[in-house]
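Here is the structure we will look at.
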Amino acid sequence: QVQLVESGGGLVQAGGSLRLSCAASGSFFSINTMAWYRQAPGKQRELVARISSGGSTNYADSVKGRSTISRDNAKNTVYLQMNSLKPEDTAVYYCWLQQLGIIYWGKGALVTVSS
């Protein structure tokens, strides 16, 4: 079993920055993929960014150029740095992990961007 705990959410003004962190604990292996998803009110959950254990990354078009996903394998932690935030970035951000064919989700961190 793996537990994922997000932190770093909060209220930020449009144009500001925020960094989310997700710490994994439990049966965490070095070969896996981690990602950030988000779900805005009334919308489906969507992929924001993904990073493999080797460091390969993918981003949603909506955040490309404004966000950076990174990971610290020694700390079993993945980060999402978000810059130039927009009101439409307001959502609950979820940490996601896939390893050994099993998917795990964190409970989410609320990010609110005020205009």
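The values are calculated or read from the model by the stated rules, or taken from the named source; none is laboratory data. Since the model is a prediction, treat every value here as computed from it, not as a measurement. Note: ideal-geometry Cβ built from the backbone for every residue, glycine included; neighbour counts use all protein chains shown. Remember, those area values only see protein heavy atoms, side chains included, never the ligands or the DNA or RNA. Shrake-Rupley method; radii C 1.70, N 1.55, O 1.52, S 1.80 Å.
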TODO: Find the strands (runs of 3 or more DSSP E) located wholly in the stretch 41-98 whose residues include 1 or more that are touching a Leu at 6+ places or on another chain (Cβ under 7 Å), among the β-branched types (V, I, T) and within 22 Å of S30 (Cβ to Cβ), and list them.
DONE: 67-72
- [ ] Would you check which residues across the stretch 2-45 are farther than 17 Å from K107 by Cα, modelled with pLDDT of 95 or more and of a type in the set (A, V, I, L, M) and list them?
- [x] L11, V12, A14, L18
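Condition check ((1) out of contact with any Gly (no Cβ under 8 Å at 6 or more places or on another chain); (2) of a type in the set (D, E); (3) open to solvent by 40 Å² or more (accessible area, probe 1.4 Å)) across all residues:
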residue	(1), (2), (3)
L18	no, no, no
S30	yes, no, yes
S67	yes, no, no
S70	yes, no, yes
Q99	yes, no, no
- [ ] Kindly indicate which of A60, A35, A24 is open to solvent by less than 40 Å² (accessible area, probe 1.4 Å) and closer than 19 Å to V113 by Cα.
- [x] A60
